[in-house]
1. With 29 Å as the limit, write out which pairs from Lys36/Lys109; Lys36/Lys108; Lys92/Lys194; Lys109/Lys194; Lys73/Lys108 have Cα-Cα distances beyond it, or answer none.
2. What does the charge dipole of the chain about its Cα centre add up to, to the nearest 20 debye, if the Cβ of each Lys and Arg holds +1 and the Cβ of each Asp and Glu holds -1?
3. Given R₀ = 25 Å, FRET efficiency for Gln80-Trp164 by Cβ-Cβ distance, to 0.05?
4. Using r as the Cβ-Cβ distance of Ser112 and Leu40, and R0 as 25 Å, what FRET efficiency do you calculate, to the nearest 0.05?
5. For the chain, what is the mean residue ellipticity at 222 nm derived from helices alone (per DSSP H run of n ≥ 4: -39500 (n - 2.57); sum divided by total residues; nearest 500 deg cm²/dmol)?
6. Calculate, for Gln197 and Glu59, the FRET efficiency according to 1/(1 + (r/R0)^6) with r their C-beta to C-beta distance and R0 41 Å; round to the nearest 0.05.
7. Per residue, how large is the accessible surface of region 14-189? Use a 1.4 angstrom probe and give square angstrom.
8. Extension gain Glu190-Gln119, at 0.36 nm per residue separation less the Cα-Cα distance, in nm?
Amino acid sequence: MASSRDFLKAVENRRSIYQLTNKIPISDARVEEIAKHNILHVPSSFNSQSTRIVLLLNEEHEKFWEITKEVLKPQMPEEQFPQTEKKLDGFKAGHGTILFYEDPNPVKKLQSQFALYAQHFPGWATQSNAMAQYHLWTALEAEGCGANLQHYNPVVDSRVCTEWNVPQEWELKAQLVFGGVAEGAREAVEKNPKQQQPLEERLFIHGSKA
Ligand SMILES: Cc1cc2nc3c(=O)[nH]c(=O)nc-3n(C[C@H](O)[C@H](O)[C@H](O)COP(=O)(O)O)c2cc1C
């Protein structure tokens, strides 16, 4: 079995990388393999498997960010749009966007099967979806890509459903943008320390025999 050190190192290295390029150090086939690994191995409550992933690569990824621009433009003050457009073009400069959805059907089914836990299933589905996001974010960075997490839902939802034939009832939760790491991008991020609040205010251990 691979050392847990590799896993912990990958967790440590994961950051929000915003300066991306469209050239990644792995093939699209490898990205697909990692997406399949995600769908097969990320856990869900009662094994409900409610997360859905739509992987947009190359021109399809670029199309997503063009659509985002189109839907946002009429919704914001004209003078603010150039700044937003610049930001969205930064995402478009990457190689791919991963859309994380939740299918409400498995959740509803569990709610009717297990009435006692009914109120918990939606929250658990969201937690499982977040695990899926974290899996791909960390795995892609471990492969030498850079990634950041965005939330342009729900403004893009209906256009995306039409464009990529996504069922209307699926709920878009997040978008993970990834690409090659532009020169200096990681160094810029590493200047921001991750640890902002004292560890002893956030971690409480009882009964350790260390
Ligand atoms: C649930 C969640 C939602 C986030 N949403 C956004 C977002 O909408 N836009 C963004 O740029 N970053 C977003 N982030 C990234 C965080 O701002 C970032 O992870 C945090 O500041 C720590 O920085 P790091 O990712 O470099 O370690 C999100 C992160 C999490 C976990």
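The values are calculated or read from the model by the stated rules, or taken from the named source; none is laboratory data. Keep in mind it's a predicted model, so treat the numbers as computed, not measured. Reconstructed Cβ throughout: ideal geometry from the backbone, glycine too, with neighbour counts over all protein chains shown. Only protein heavy atoms, including side chains, enter the accessible area calculation; ligands, DNA and RNA are left aside. Shrake-Rupley method; radii C 1.70, N 1.55, O 1.52, S 1.80 Å.
1. Pairs exceeding the cut-off: Lys109/Lys194; Lys73/Lys108.
2. Working: 23 positive and 27 negative charges, 133 e Å.
Here the chain has a charge dipole of around 640 debye.
3. Numbers: r = 28 Å, r/R0 = 1.12.
FRET efficiency, Gln80 to Trp164: 0.35.
4. Numbers: r = 26 Å, r/R0 = 1.05.
For Ser112 and Leu40, the calculated efficiency is 0.40.
5. Working: 8 runs with 96 residues, N = 210.
Estimated from H runs of four or more residues: -14000 deg cm²/dmol.
6. Numbers: r = 42 Å, r/R0 = 1.03.
The pair Gln197/Glu59 has a calculated efficiency of 0.45.
7. Working: 9080 Å² over 176 residues.
Heavy-atom accessible area per residue stands at 52 Å².
8. On the way: separation 71, 0.36 × 71 = 25.56 nm, distance 4.03 nm.
Length gained, Glu190 through Gln119: 21.5 nm.
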